Amino acid sequence: HMDTKELLGKVCGSINDNEICIYNCGDGAYMRRIKNASESDFLKICGECEKLGYTLFQRNDIEENIHSSYRGDMLIHTYFCPAEKILRVICDPYSVEFECEEPKYERRCGSALWQFENDHSYIDCGMCYILRCADNSFFIIDGGHFLQPNDHKRIYRFLRERTPDGERTVISGWFFSHAHDDHVSQFVDFIREYGSAVDIEKLYYNDAPIDHRDNMSWGEANKKYIRRFEECARSCGIPTVKLHTGQRFFVRNLRFDVLCTQEDVWPKSLENFNNTSCALALEADGTRIIFPGDAADVESDIMTARYTAKTLGCDIMQQSHHGHSGTSPEFYQMANARTVMFPITKIKFDEEYPKQEANRVACSIAEEYFIASDGTVEFPLPYKVGSAKIYPDETFENFAAIKMLWGYDYPDEYKKQLFEEFLRRGGLPALDEIEA
């Protein structure tokens, strides 16, 4: 058995490359990045994989971009992007195999997507999306912040309420866009409290290594939660797929394509941790949904250069980085989504809207948009504009705590207006809110 770097050297041995650029992808995986490459170089790599006894288990083309995955002692994934003239070869000893074709399952219900309302009492971020597959299992995207301490309970209750009586809740997949605390913290709490009460089949993510060259800008507090998440993910015994660009995987009737990962950014800077996001395109019962996570400027430029509206075009778009500085206006123009989801509070949405051209572009194209703090939203699939169901608003801002934690406050008149809107959305005031 060769180690990862040795295998990478053998696979790439037939390629003439004066500047050998090897990247530690995290989780024991390494990548060779080859500039000024061609499709013939890609085919050479594929040939070397076969000579070494590795078996092709997926070839997936996204427009002109070509991708192949091979299996043996470990995963070898290679892909060529003509617009960049770059060939990437990844040797990954960590990933388990994933479904390359739609598996057999019993269709028991209609599919749905929910933009889950995180508890925004103390903080404006957090992101959680839940999909119901056609067999009544669930696929979850991200989770929530550690300052949303009861959201793992709320997520569990949400799933149980939609699981038939007498059956165990099945989470057929849990995907993490990146390891920021507001995306992964509630998974750790969920596993600790409910890990034995549900069946979780696979985890999907691609984290940058904690010892990355650019990690000084990530902050010690954030690195603490990255380690906390990774320790939980590795120790919980759930099979894990480290996703790589161009892979296509199925979870029941859900089909995902990986559009971009932190591996595409190298050797550019990852000082902005949001550029470690793994961006997905989902096809579910005739509806196309794009989840860029918190992808920022570098990943946005990569995707708009690599793909056209054929790939980025969608019915539903998750607004990147909660509607803060994320992907570009051009990204949303190419997406041309009629429905946009903002995983953010109404307060921050209103603050960001004048500042962020990307938000204004997305909303000008869309026929509807939904803000997470206004209440959980259900999108039945296939989705038709106007058919979303908005649930009663469950949480309201704790302004005293916000001022104490973050040092800013809002005028009393504005707070009163927000509270009246909360009641109109079906919100039930807590005792402290009535007293306030």
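A few points about this structure:
- Against the conditions (1) more than 13 Å from Thr78 (Cβ to Cβ); (2) among the aliphatic types (A, V, I, L, M); (3) touching a Leu at 6+ places or on another chain (Cβ under 9 Å), Met31 satisfies every one except (1).
- Among the conditions (1) surrounded by 14 or more Cβ atoms within 10 Å (Cβ to Cβ); (2) out of contact with any helix residue (DSSP H, G or I) (no Cβ under 7 Å at 6 or more places or on another chain); (3) aromatic (Phe, Trp, Tyr), Tyr30 misses just one, which is (2).
- Meets criteria (surrounded by 20 or more Cβ atoms within 10 Å (Cβ to Cβ) and among the aromatic types (Phe, Trp, Tyr)) for Tyr194: no
- Strands (runs of 3 or more DSSP E) contained entirely in the stretch 64-141, each with at least 3 residues that are within 18 Å of Asn206 (Cα to Cα) and in contact with a strand residue (DSSP E or B) (Cβ under 6 Å, 6 or more places away or on another chain): 65-71, 75-81, 86-92
- Candidate set from the stretch 1-27 (those that are of a type in the set (A, V, I, L, M), outside any strand (DSSP E or B) and open to solvent by 10 Å² or more (accessible area, probe 1.4 Å)); member that is modelled with the highest pLDDT: Ile15
- Filter result (closer than 14 Å to Asp124 by Cα and assigned to a helix (DSSP H, G or I)) within the stretch 399-417: Phe399, Ala401, Ile402, Lys403, Leu405, Trp406
- Figure legend. Inter-residue proximity from the stretch 221-234: first residues modelled with pLDDT of 95 or more, second residues among the hydroxyl-bearing types (Ser, Thr, Tyr) and part of a helix (DSSP H, G or I), beta-carbon distance below 9 Å, spacing 6+ or different chains. Indicated pairs: Arg228/Ser185; Phe229/Ser185.
- Residues being of a type in the set (S, T, N, Q) and more than 25 Å from Ala83 (Cα to Cα) - total across the stretch 34-58: 1
- Conditions (1) open to solvent by 20 Å² or more (accessible area, probe 1.4 Å); (2) within 21 Å of Thr339 (Cβ to Cβ); number of the one not met by Ala400: (2)
- Any hit, the stretch 290-302, residues being open to solvent by less than 10 Å² (accessible area, probe 1.4 Å) and in contact with a Pro (Cβ under 9 Å, 6 or more places away or on another chain): yes
- Hey, Val241 assigned to a helix (DSSP H, G or I), within 25 Å of Pro292 (Cβ to Cβ), open to solvent by less than 30 Å² (accessible area, probe 1.4 Å) and touching a Lys or Arg at 6+ places or on another chain (Cβ under 9 Å) or not: no
The values are calculated or read from the model by the stated rules, or taken from the named source; none is laboratory data. What you see is a predicted model, and the numbers here were worked out from it, not measured in a lab. Ideal geometry is used to build each Cβ from the backbone, glycine not excepted, and the neighbour counts take in all protein chains shown. With ligands, DNA and RNA removed, areas are computed over all heavy atoms of the protein, side chains included. Shrake-Rupley method; radii C 1.70, N 1.55, O 1.52, S 1.80 Å.
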